[in-house]
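Structure first, then comments.
The values are calculated or read from the model by the stated rules, or taken from the named source; none is laboratory data. Remember, it's a predicted structure, so these values are computed and weren't measured experimentally. Here the Cβ positions follow ideal geometry from the backbone for every residue, glycine too, while neighbour counts run over all protein chains shown. These accessible areas exclude ligands, DNA and RNA; they are computed on the full protein's heavy atoms, side chains included. Shrake-Rupley method; radii C 1.70, N 1.55, O 1.52, S 1.80 Å.
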Amino acid sequence: PAVRRDRRAWQAHMPTPARNPPLFPRFVAQHSLSFDPSDASDLLQQFPGIALPTDLSRAVRKRQMEFLAGRSCARAALQVCAPQYADAPIAVGKNREPVWPPDIVGAVTHVDQFASVAVARRSDTRGVGLDVERVVTAELAGKILESIAAPDEVAHLVRATGWSTAAVLTLVFSAKETVFKCLYPQVQRYFDFRDASVFELDL
């Protein structure tokens, strides 16, 4: 009974798998987790077998948990897509991007209490993009709109959807972030949000 209680206590601190929305073709493996940033239990207990990089050793706990949750998702997704890499460490590149094994492409995203990773074999696709965001406030949307999109780009989508400017801008931001994550490993150079445009939303 004592062992059983200890096991239940340990499991209570483990992140839980979250539902994956049907975003990708079958050759892409996706894994998502829900986690609690306020959970003060040992991070090695919550994310066993995953190490923090040195530059995150003094980061705030929330940032550490986001990193560990993302790498935990990566391990689970790779277990499905390419099991030989499931336990391989995913390094951090010079621009903080994940460095996948040579024949793997993928993307990591996280927000608040949610993390998700999508991976595929390079023989099936040249890139994978994935991003998740919380809808920004109307005040923030007004401040950042022109750095994300042309005003007429957003206005057109607001008219087409009937959504608020904040909701549309959040979706446009996320779409462009997804494109960046997909293409950056191929082009190996930074490009801006205004270098891409969204003309239509498939609702």
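Any idea which of (1) open to solvent by less than 80 Å² (accessible area, probe 1.4 Å); (2) in contact (Cβ under 8 Å) with a residue 12 or more places away in the chain; (3) assigned to a loop (DSSP other than H, G, I, E, B) is the one residue 59 doesn't satisfy?
(2)
Of the residues 135, 99, 108, only one is out of contact with any Leu (no Cβ under 7 Å at 6 or more places or on another chain), among the β-branched types (Val, Ile, Thr), within 23 Å of residue 47 (Cβ to Cβ) and open to solvent by 40 Å² or more (accessible area, probe 1.4 Å); which? Outline the logic, then answer.
On the way: 135 fails: within 23 Å of residue 47 (Cβ to Cβ); 108 fails: open to solvent by 40 Å² or more (accessible area, probe 1.4 Å).
When all the criteria are applied, what remains is 99.
Restricting the search to region 138-158, which residues are open to solvent by 30 Å² or more (accessible area, probe 1.4 Å), of a type outside the set (A, V, I, L, M, F, W, C) and closer than 28 Å to residue 22 by Cβ?
Selection gives 156 alone.
With the requirement that a residue be among the small types (Gly, Ala, Ser) and in contact with a helix residue (DSSP H, G or I) (Cβ under 7 Å, 6 or more places away or on another chain), what does region 29-62 give you? Reasoning before the result, please.
Kept after step one, since they are among the small types (Gly, Ala, Ser), are these residues of region 29-62: 29, 32, 34, 38, 40-41, 49, 51, 57, 59.
Answer for region 29-62, where residues must be among the small types (Gly, Ala, Ser) and in contact with a helix residue (DSSP H, G or I) (Cβ under 7 Å, 6 or more places away or on another chain): 29, 32.
Can you find a residue in region 88-106 that is of a type outside the set (Val, Ile, Thr) and closer than 19 Å to residue 18 by Cα?
Within region 88-106, one or more residues are of a type outside the set (Val, Ile, Thr) and closer than 19 Å to residue 18 by Cα.
Take the residues in region 117-158 that are over 20 Å from residue 192 (Cβ atoms) and β-branched (Val, Ile, Thr); name whichever of them is farthest from the chain's Cα centre (by Cα).
Only one residue tops the list, namely 158.
Filter region 119-155 down to the residues that are in contact (Cβ under 8 Å) with a residue 40 or more places away in the chain and assigned to a helix (DSSP H, G or I) and list them by number.
147, 148, 153 - these are the residues of region 119-155 that are in contact (Cβ under 8 Å) with a residue 40 or more places away in the chain and assigned to a helix (DSSP H, G or I).
Answer yes if at least one residue in region 112-124 is hydroxyl-bearing (Ser, Thr, Tyr), open to solvent by less than 30 Å² (accessible area, probe 1.4 Å) and out of contact with any Gly (no Cβ under 7 Å at 6 or more places or on another chain), and no otherwise.
Keep residues of region 112-124 that are hydroxyl-bearing (Ser, Thr, Tyr), which gives 116, 123.
Right, trim to open to solvent by less than 30 Å² (accessible area, probe 1.4 Å) and you get 116.
Next, only the ones that are out of contact with any Gly (no Cβ under 7 Å at 6 or more places or on another chain) stay: 116.
Yes, because at least one residue in region 112-124 is hydroxyl-bearing (Ser, Thr, Tyr), open to solvent by less than 30 Å² (accessible area, probe 1.4 Å) and out of contact with any Gly (no Cβ under 7 Å at 6 or more places or on another chain).
Determine if region 62-74 includes at least one residue that is assigned to a loop (DSSP other than H, G, I, E, B) and open to solvent by less than 80 Å² (accessible area, probe 1.4 Å).
Quick first cut of region 62-74, residues assigned to a loop (DSSP other than H, G, I, E, B) only: none.
Scanning region 62-74 turns up no residue that is assigned to a loop (DSSP other than H, G, I, E, B) and open to solvent by less than 80 Å² (accessible area, probe 1.4 Å).
Scan region 187-201 residue by residue and report those that are touching an Asp or Glu at 6+ places or on another chain (Cβ under 9 Å) and not in a loop (DSSP other than H, G, I, E, B).
Let us first name the residues in region 187-201 that are touching an Asp or Glu at 6+ places or on another chain (Cβ under 9 Å), namely 193-194, 197-199.
Passing the criteria: 193, 194.
Scan region 76-99 for residues that are without any contact (Cβ under 8 Å) to a residue 60 or more places away in the chain and closer than 23 Å to residue 179 by Cα and jot them down.
Passing the criteria: 77, 78, 81, 90, 91, 92, 93, 94, 96, 98, 99.
Pairs under 7 Å by beta carbon, first residue touching a residue at least 24 places away in the same chain (Cβ under 8 Å) and within 18 Å of residue 66 (Cα to Cα) in region 17-36, partner assigned to a strand (DSSP E or B) and of a type in the set (Phe, Trp, Tyr), six or more apart or different chains?
Hits for this filter: 18/114; 32/114; 34/114.
List, please: which pairs have Cβ atoms under 9 Å, are six or more places apart or on different chains, and start with a residue in region 180-203 that is of a type in the set (Lys, Arg) and end with one that is open to solvent by 70 Å² or more (accessible area, probe 1.4 Å)?
194/146
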